[in-house]
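S.K.: I'd like to ask you about the structure that follows.
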Amino acid sequence: MSTGQKLLVVLTSQDVLPTRANMKTGWYLPELVHPYNDLDGHVELVVASPKGGEAPVDPYSIEDSKNDEASQKFFKEKVHVWKNTQKLESFLGKSAEYVGIFFVGGHGPMFDLAIDPTSHALIREFYESNKLVSAVCHGPAALVNVKLSDGTYMVHGQTVTGFSNAEEDAYKFTDAMPFLLEDKLKEHGGQYEKADQLFGVKVVTSAPLSVPITANDWFPLRDSLPAPIQKEALSGDAQSSNMVNTGRPSMDCLPCRRRKLRCDLKPESCGQCRRANISCHGYRNVKDLAFRDQTRVARQKVVARQGYAYQPITFPSPMLDLNLDVEARCRDTFFLLYVTNLSRSCSSLPPLYNQATISKHLAYSVNAVSLAFSAVQFDSRELISTAFNRYSAAIGNLRHSLCEPTVFIGDEILQSILLLDLFEKLAAPSLGMPGSSMTHIRGAMSIIESRGKLNFASALSTQIARNILSHFIISCGITKTSILDSQVAVWKDLSGLIMDSKWDYMGILVDIVNLRAMLTKGIMIDDSKMNGRVFDIKCRLEYLADSLERSCGPVVVLLDDWQALDGEYDVYPNHFTMQLHDAVRMMRLEMEGLIRERCHEQNGDAINKIAKQICRSVTYCIMPQARSENSEPFTPMQKLECRILMAPLYQAAQLTTDNCVQEWIWRILEYMAEKGNMRIARDVLDLSKKRLDIDYWTIWAMAGCYATAA
């Protein structure tokens with residue numbers, strides 16, 4: 001029951017990031033949800049924004065908090081809270097009616113509340129009336145420029161915190177912000193403090209200021225409220241199912257925690273896991289339970305945002321011990337086009353390569369892959385023989401390192417093995433090697449299985465383990481090889497730290513790969529069970545596709561041109577996002593094909609719809625009018641992007657029942673072959689027209705998409 005007191009909650013009205021094309025922003029969902037749920041019913045919460053009306057929620061925060069039950073429930077059931085906000089200016093002169101003011105974070109406040117004169121006047125009024133002034137995460141941006149009646153900055157001499165420079169840099173948003181919050185707080189005299197580690201817990205109070213740094217650490221706000229409200233809010237904690245985490249982590253096993261089930265805490269195998277026939281693991285130890293860990297949401301934000309942010313990577317210094325005329329240029333091309341622009345899976349390479357001294361095996365591996373990459377990119381057979389010489393040297397040096405009795409199999413060795421695997425996938429067609437070779441990636445997988453907790457020793461180690469497992473899963477898909485339980489266990493262990501849409505997709509891909517292996521080997525399973533598996537995977541893929549559409553869906557552009565199928569094409573936030581959408585669509589097409597084949601279901605409309613979605617993603621990569629970077633003939637980056645589209649286009653042409661779609665795909669492949677000088681496009685076109693029974697995974701391997709994928 002409310003005490004009659006009121007708290008003013010302020011959201012941003014900023015809905016776009018002006019420094020990033022086609023990127024939405026707003027307020028961050030969990031940073032409103034948890035305080036709101038904890039106080040609702042104990043104090044009247046009045047929600048306002050600079051413009052009033054609908055305050056935009058950051059779409060990425062919806063995806064980030066998909067595993068936060070409270071946030072998802074709030075988003076579905078409390079729409080009126082942020083869609084009917086009151087105008088901020090209507091509260092001027094009314095501070096006496098409120099116990100305080102609270103600013104929710106998100107990147108939005110950095111652009112509007114930081115410079116809004118009405119907001120500044122309101123904050124000054126609350127502060128000088130000795131009312132509570134509080135903000136969370138990026139929320140202090142609303143406070144940093146506020147001046148008091150005597151002309152001094154409100155934060156001057158105050159203990160403050162906020163999103164740090166290092167944390168902004170981890171997001172890769174430093175260049176997108178109008179200012180850095182940490183720098184501006186210090187510049188205006190604030191005594192800035194931050195957590196001991198990135199995205200760690202930090203709460204500071206300097207009455208009447210209260211600034212928590214993460215969504216769940218807003219408790220000083222509640223503790224600063226009048227005593228009747230404190231008492232009622234605290235007593236309500238025991239009754240509400242939507243309160244914030246009070247600091248006692250669940251003792252349940254990891255599968256039960258993730259599935260939100262009650263665990264019977266039997267370490268050998270709890271009842272829930274036994275019934276589900278899955279591995280029971282992830283129990284916390286006593287030391288874990290003694291710490292208050294509120295950083296999971298922050299970690300999720302970082303990982304998920306990496307899918308939408310530009311990633312500046314330090315360009316490595318050229319090596320001076322090899323042929324600078326050819327190898328140095330190939331190496332520079334590899335880093336410029338692939339490492340720093342296209343691929344997220346090579347983010348672990350620059351930190352290792354930029355070390356003062358690097359091992360010979362890593363140096364040779366980089367040069368071998370660089371030469372192979374340039375050979376494929378520029379269709380140069382002359383470079384292949386040189387690349388193979390460097391490949392042989394890299395293998396020899398790596399073998400020598402592994403034979404050392406005291407050698408520690410660390411990140412450098414694993415990175416070299418990854419590069420050698422990439423070399424095989426890139427150079428296989430030119431060298432007559434099997435494109436599906438798993439020699440290197442299987443060895444790397446064995447190492448990370450044996451490393452255990454060392455895979456989590458650092459962010460770099462975790463990233464390399466993730467890359468190896470992802471490449472291994474795709475390799476198994478190409479070779480139709482089963483993924484063993486011990487290897488699935490590695491995925492489960494990594495899932496405790498990695499939470500993003502691509503990792504969710506990889507989890508579904510594990511089941512698809514194992515399904516392919518069973519069908520290929522003719523393993524006898526009841527048809528109904530097999531069909532049940534197919535339909536289950538189909539449903540999970542549809543759910544993931546819907547989630548991607550909501551969080552990072554494309555903008556539809558209308559265009560009357562033959563290169564735009566049905567007069568429209570899609571523009572995505574970046575190439576990585578487009579590729580993830582298309583990867584999910586390929587798997588959906590595979591499941592729809594199996595359903596049509598095994599169940600004789602008339603699902604042509606569903607197949608045609610997915611095929612058209614793939615086609616609409618192509619235009620932006622090739623058409624000169626679509627973006628300024630496009631040209632005729634194709635730029636090197638266009639050729640890379642088109643190479644990755646070979647397998648999706650081939651599959652769409654093979655499965656669609658719409659002749660117009662098929663003819664359009666063939667015409668596009670012809671265009672790519674001519675304007676991009678891409679022999680692979682001509683080869684895929686010929687195979688498609690011959691209607692041969694060739695698996696699209698074979699096209700994926702043939703085009704080297706595995707290696708050039710983002």
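The values are calculated or read from the model by the stated rules, or taken from the named source; none is laboratory data. Just so it is clear, the model here is predicted, and its values are computed rather than measured. All Cβ positions, even for glycine, are placed from backbone atoms using ideal geometry, and neighbour counts span all protein chains on display.
S.K.: Within region 596-642, restricting attention to residues that are farther than 19 Å from W664 by Cβ and basic (K, R), which residue is surrounded by the most Cβ atoms within 10 Å (Cβ to Cβ)?
M.R.: K639
S.K.: Suppose we keep only residues that are within 15 Å of I62 (Cβ to Cβ) and among the polar types (S, T, N, Q) within region 536-576. Which one would you say is nearest to the chain's Cα centre (by Cα)?
M.R.: My answer is S551.
S.K.: Is there a residue in region 27-44 that is buried (at least 21 other Cβ atoms within 10 Å of the Cβ) and over 30 Å from R257 (Cβ atoms)?
M.R.: For region 27-44, residues buried (at least 21 other Cβ atoms within 10 Å of the Cβ) and over 30 Å from R257 (Cβ atoms): present.
Yes or no, residue by residue, for (1) outside the structural domain of M702 (by the TED database); (2) out of contact with any Cys (no Cβ under 8 Å at 6 or more places or on another chain); (3) under 24 Å from S416 (Cβ atoms); (4) in contact (Cβ under 8 Å) with a residue 60 or more places away in the chain:
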{"residue": "T462", "(1), (2), (3), (4)": "yes, yes, yes, no"}
{"residue": "L469", "(1), (2), (3), (4)": "yes, yes, yes, no"}
{"residue": "K492", "(1), (2), (3), (4)": "yes, yes, no, yes"}
{"residue": "G507", "(1), (2), (3), (4)": "yes, yes, no, no"}
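S.K.: Just to check your reading of the model, which residue among D570, D560 is of a type in the set (D, E), under 26 Å from P624 (Cα atoms) and touching a Phe, Trp or Tyr at 6+ places or on another chain (Cβ under 9 Å)?
M.R.: Sole residue among the options that is of a type in the set (D, E), under 26 Å from P624 (Cα atoms) and touching a Phe, Trp or Tyr at 6+ places or on another chain (Cβ under 9 Å): D570.
S.K.: Another one. Of A96, A114, A48, A121, which residue is under 16 Å from A141 (Cβ atoms) and among the small types (G, A, S)?
M.R.: A114
S.K.: Would you pick out the residues in region 540-582 that are of a type in the set (A, V, I, L, M), more than 22 Å from R643 (Cβ to Cβ), modelled with pLDDT of 90 or more and not in a helix (DSSP H, G or I)?
M.R.: V555, V556, V557, L558
S.K.: Let me ask another. When you check A55 against the structure, is it in the same structural domain as V146 (by the TED database) and either part of a strand (DSSP E or B) or surrounded by 24 or more Cβ atoms within 10 Å (Cβ to Cβ) (or both), yes or no?
M.R.: For A55, the condition - in the same structural domain as V146 (by the TED database) and either part of a strand (DSSP E or B) or surrounded by 24 or more Cβ atoms within 10 Å (Cβ to Cβ) (or both) - is met.
S.K.: Another one. Which of (1) in a strand (DSSP E or B); (2) surrounded by fewer than 22 Cβ atoms within 10 Å (Cβ to Cβ) is the odd one out, the single condition V133 does not satisfy?
M.R.: (2)
S.K.: Can you tell me which of T657, T698 is out of contact with any Pro (no Cβ under 8 Å at 6 or more places or on another chain), outside any helix (DSSP H, G or I), over 23 Å from T577 (Cβ atoms) and not hydrophobic (A, V, I, L, M, F, W, C)?
M.R.: T657 is the lone residue from the list that is out of contact with any Pro (no Cβ under 8 Å at 6 or more places or on another chain), outside any helix (DSSP H, G or I), over 23 Å from T577 (Cβ atoms) and not hydrophobic (A, V, I, L, M, F, W, C).
S.K.: Another question, if that's okay. Taking C346, is it of a type outside the set (D, E, K, R) and either at pLDDT below 85 or surrounded by fewer than 20 Cβ atoms within 10 Å (Cβ to Cβ) (or both)?
M.R.: yes
S.K.: Same structure, new question: Can you say whether K147 is crowded, with 19+ Cβ neighbours inside 10 Å, of a type in the set (D, E, K, R), more than 26 Å from the chain's Cα centre (by Cα) and in the same structural domain as S164 (by the TED database), as far as the supplied structure shows?
M.R.: Here the answer is no, as K147 does not meet what is asked.
S.K.: If you scan region 117-129, which residues turn out to be surrounded by fewer than 24 Cβ atoms within 10 Å (Cβ to Cβ) and closer than 21 Å to P178 by Cα?
M.R.: Correct list: P117, T118, H120.
S.K.: Take the residues of region 650-689 that are among the β-branched types (V, I, T) and surrounded by fewer than 23 Cβ atoms within 10 Å (Cβ to Cβ): which is nearest to the chain's Cα centre (by Cα)?
M.R.: Among them, the one singled out is V661.
S.K.: Condition first: touching a residue at least 12 places away in the same chain (Cβ under 8 Å) and not polar (S, T, N, Q). Now tell me which residues in region 379-399 satisfy that.
M.R.: D379, R381, L383, I384, A387, F388, R390, Y391, A393, A394, I395, L398, listed by residue number.
S.K.: Now for a separate question. Take region 595-634 and flag every residue that is in a loop (DSSP other than H, G, I, E, B), out of contact with any Phe, Trp or Tyr (no Cβ under 8 Å at 6 or more places or on another chain) and either polar (S, T, N, Q) or without any contact (Cβ under 8 Å) to a residue 12 or more places away in the chain (or both).
M.R.: Correct list: H600, E601, Q602, N603, P624, Q625, S628, E629, N630, S631.
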